[in-house]
Amino acid sequence: MTQPEYEAIIIGAGMSGLYQLHRLRQLGMKVLVLEAATGVGGTWYWNRYPGARFDSESYSYGYSWSPELLQDWDWSEHFAPQPETERYLNHVADRFDLRRDIRFETRVTSAVFDEAAHRWLVTTNTGEQISARYCVMATGCLSVPKAIDIPGADTFRGEVYRTSDWPREGVDFRGKRVGVVGTGSSAVQTITEIAPHVGSLHIFQRTPSFSIPAHNGPANPDVVRDWRANRESRRQAERDHPIGIVAAVVTEKLAMETPAEERNREYEQRWAKGGFAIGGVYMDFLVTKEANDTFVDFLAEKVRGIVKDPETAEKLIPRTYPVGSKRICVDTGYFEVFNRDNVTLVDVSRTPITVTPQGVKAGEAEYEVDCLVYALGFDAMTGALDRIDIRGRGGIALKDKWGAGPRTYLGLMVAGFPNLFVVTGPGSPSVLSNMVVSIEQHVDWISDCIATMGERQMDVIEATEAAEEMWVAHVNEVAGMTLYPQAASWYMGANVPGKPRIFMPYAAGVGVYRQLCNDVVAKGYEGFAMSSSARR
Ligand SMILES: Cc1cc2nc3c(=O)[nH]c(=O)nc-3n(C[C@H](O)[C@H](O)[C@H](O)COP(=O)(O)OP(=O)(O)OC[C@H]3O[C@@H](n4cnc5c(N)ncnc54)[C@H](O)[C@@H]3O)c2cc1C
């Protein structure tokens, strides 16, 4: 059955999809949002594991486009917990009456460009087909959890949980023997939260994470007042900032030209501030190994100072990648957990694990548990797009086009896929930034572009092959000047077997990127071809 025609379809009702709907409605367009979940929120709908919370400061998260909304909302903690962010996004949906254009529990399975009609034909899991002039992929960079690919996983007889789709009713771990597989951001938060409540906790660690304390606590009324009074100037500063987080004060200094004593003082100050305050510390921090090592050494000493058992401390210190080349975790007492009698770190870096009916086997040792928690991360940046059969001109599948790694122009569009926009797509700063800042920029850019098309009486836009080629080369060139490619990270697709290893985000920074996008517009949408289907 073919549904009524829309001018735009947005896939996903997270932070990106909600704002995109609001903006396109303002243009007077007939828009439909399709969302797999039963509610709005995206990341903050799905990730409801114990301890789930921001790792960027609450005050800098949240939309900046509505003065009324800014007045409505104050965060309760420096790093607010997941239920609060979910409430916030529900509040936005209600305040702007967004739900009436969102269809929940609807998963998009394919999106095919009809070259004759110049429209996208979107098919859902229920077999419905919906057509629209424009299709916006607001499908999220971290919305597809990695499959549980550990041998024997299906034989386990106990309870199984995944951080990325935790039961809404919660889990009672009291007195139980729990195993956690994974030690990335979600694992660090879960482990810290559940350790005091479980009978025993075994943590299976393949690669340790660098983690910085959040120093979380209730929001200080003075800080809240200050942010309220200066919200617009702060957001403006975030827009020009390399990672979009003003707490990360950027210096022009080089670590290698700074005396060790002064450097350590700086690191101590940033550690005391907590969280991503460390970003921007030295210009060469993510450029040369020597500079990076100075911070690695500092963090290693911190771990040794917190964790009482020296052997465990050494296992918790990352040695195989530069700090910052994988996402840094932000914690509330993570390393302290390893001083508890009921917690055991199992280093499985050299002995791949298998799951048995009773628990987890690593080498000769078997650890019996009642519950297993998988915190395995995400098929990042391309995962959600790969799972939709997206076909552009000539029936070319996006998945095939991206067989050797994602190719976009500005992370916004793909040559051969007209009128298809991606919010925070590969080739844009996205996951290297305060995501809200990047999301707002992309949604604004896309909305302004569609408005311009209307003004010019055009209705087909696509990136040229040449512009895409140039952009892909530039993204790779920038990544090549950093230490990022040295880590087997999800930024590189290295956590998913068979995924091409290529550094996916754009690493030159949010401010630089924004300027480039603005320049493209100022030059008449340079690198894009606009046309009118009526005049063909
Ligand atoms: C645990 C966790 C903590 C995070 N913490 C922070 C933080 O502190 N600061 C920060 O800046 N960022 C953080 N992020 C990043 C976070 O993803 C972004 O901040 C932001 O929420 C992304 O919004 P989005 O709308 O782009 O994507 P998402 O929130 O991922 O929403 C995408 C939506 O699209 C839907 N969807 C996908 N495919 C389909 C399909 N085929 N059909 C229908 N619907 C589909 C999904 O169900 C989902 O609801 C975190 C991410 C995670 C996973």
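Quick notes
- Restricting the range 8-54 to residues that are surrounded by fewer than 24 Cβ atoms within 10 Å (Cβ to Cβ) and among the charged types (D, E, K, R), the residue that is nearest to the ligand (Cβ to nearest atom): R53
- Among (1) in a loop (DSSP other than H, G, I, E, B); (2) touching a helix residue (DSSP H, G or I) at 6+ places or on another chain (Cβ under 9 Å); (3) over 24 Å from A247 (Cβ atoms); (4) of a type outside the set (S, T, Y), the one test that A36 misses: (2)
- Out of E465, E455, one residue alone is without any contact (Cβ under 8 Å) to a residue 40 or more places away in the chain, over 15 Å from G17 (Cβ atoms) and more than 11 Å from the ligand (Cβ to nearest atom). It is E455.
- Within the range 408-452, the set of residues being touching a Ser or Thr at 6+ places or on another chain (Cβ under 9 Å) and in a helix (DSSP H, G or I) comprises S430, V431, L432, M435, V436, V437, S438, I439, E440, Q441, H442, V443.
- Only residues that are more than 28 Å from A52 (Cα to Cα) and either of a type in the set (A, V, I, L, M, F, W, C) or touching a Lys or Arg at 6+ places or on another chain (Cβ under 9 Å) (or both) were counted across the range 400-435, and they come to 16.
- Single condition D94 does not satisfy, out of (1) out of contact with any Ser or Thr (no Cβ under 6 Å at 6 or more places or on another chain); (2) open to solvent by less than 60 Å² (accessible area, probe 1.4 Å): (2)
- For G127: the one exception among (1) within 24 Å of the chain's Cα centre (by Cα); (2) at positive phi; (3) open to solvent by 30 Å² or more (accessible area, probe 1.4 Å): (1)
- If the condition is being crowded, with 23+ Cβ neighbours inside 10 Å and more than 6 Å from the ligand (Cβ to nearest atom), then the range 131-140 contributes A132, Y134, C135, V136, M137.
- For first residues located in the range 114-126 and in a strand (DSSP E or B), partners that are surrounded by 12 or more Cβ atoms within 10 Å (Cβ to Cβ) and of a type in the set (D, E, K, R) and lie 6+ apart or on another chain with Cβ distances below 9 Å form the pairs R119/E5; R119/R133; W120/R133; V122/E128; T123/D389; T124/R103; T124/R107.
- For the range 354-383, a residue qualifies if it is in contact with a Ser or Thr (Cβ under 7 Å, 6 or more places away or on another chain), assigned to a loop (DSSP other than H, G, I, E, B) and without any contact (Cβ under 8 Å) to a residue 40 or more places away in the chain, and exactly one does: G363.
- Restricting attention to the range 3-29, the residues being in a loop (DSSP other than H, G, I, E, B), closer than 14 Å to R99 by Cα and of a type outside the set (A, V, I, L, M, F, W, C) number 2.
- Verdict on D101 being surrounded by fewer than 21 Cβ atoms within 10 Å (Cβ to Cβ) and without any contact (Cβ under 8 Å) to a residue 12 or more places away in the chain: no
- Inter-residue pairs, beta-carbon under 6 Å, first closer than 18 Å to P81 by Cα and in the range 209-228, second surrounded by fewer than 14 Cβ atoms within 10 Å (Cβ to Cβ), 6+ apart: A219/S76
- Checking the range 239-256 against the condition returns no match, with no residue being in contact with a Lys or Arg (Cβ under 9 Å, 6 or more places away or on another chain), of a type in the set (S, T, Y) and either in contact (Cβ under 8 Å) with a residue 40 or more places away in the chain or more than 30 Å from V369 (Cα to Cα) (or both).
- Test: residue in the range 328-345 that is at pLDDT below 95, among the aromatic types (F, W, Y), assigned to a loop (DSSP other than H, G, I, E, B) and in contact with a helix residue (DSSP H, G or I) (Cβ under 8 Å, 6 or more places away or on another chain): no
- The criterion of at least 2 residues that are small (G, A, S) and open to solvent by 60 Å² or more (accessible area, probe 1.4 Å) is met, among helices (runs of 4 or more DSSP H) falling completely within the range 168-275, by 221-240.
- Residue count, the range 384-407 (criterion: assigned to a strand (DSSP E or B) and within 26 Å of A507 (Cβ to Cβ)): 1
- The set of residues from the range 147-167 being assigned to a helix (DSSP H, G or I), open to solvent by less than 40 Å² (accessible area, probe 1.4 Å) and within 24 Å of D331 (Cα to Cα) comprises T163, S164.
- Residue in the range 473-488 that is touching a strand residue (DSSP E or B) at 6+ places or on another chain (Cβ under 9 Å), open to solvent by less than 50 Å² (accessible area, probe 1.4 Å) and either assigned to a loop (DSSP other than H, G, I, E, B) or under 21 Å from S430 (Cβ atoms) (or both) present: yes
- Scanning the range 295-327 for residues being over 20 Å from V180 (Cβ atoms) and either part of a loop (DSSP other than H, G, I, E, B) or modelled with pLDDT under 95 (or both) gives a total of 8.
- Scanning the range 57-81 for residues that are polar (S, T, N, Q) and either more than 10 Å from the ligand (Cβ to nearest atom) or open to solvent by 10 Å² or more (accessible area, probe 1.4 Å) (or both) yields a total of 4.
- Residues being over 18 Å from the mean Cα position of the chain (by Cα) and modelled with pLDDT of 90 or more - total across the range 230-240: 7
The values are calculated or read from the model by the stated rules, or taken from the named source; none is laboratory data. All values reported here derive from a predicted model rather than from experimental measurement. Please note: Cβ atoms are built from the backbone with ideal geometry, for glycine as well, and neighbour counts cover all protein chains shown. Side chains are part of the model used for accessible areas, which takes the heavy atoms of the whole protein and leaves out ligands, DNA and RNA. Shrake-Rupley method; radii C 1.70, N 1.55, O 1.52, S 1.80 Å.
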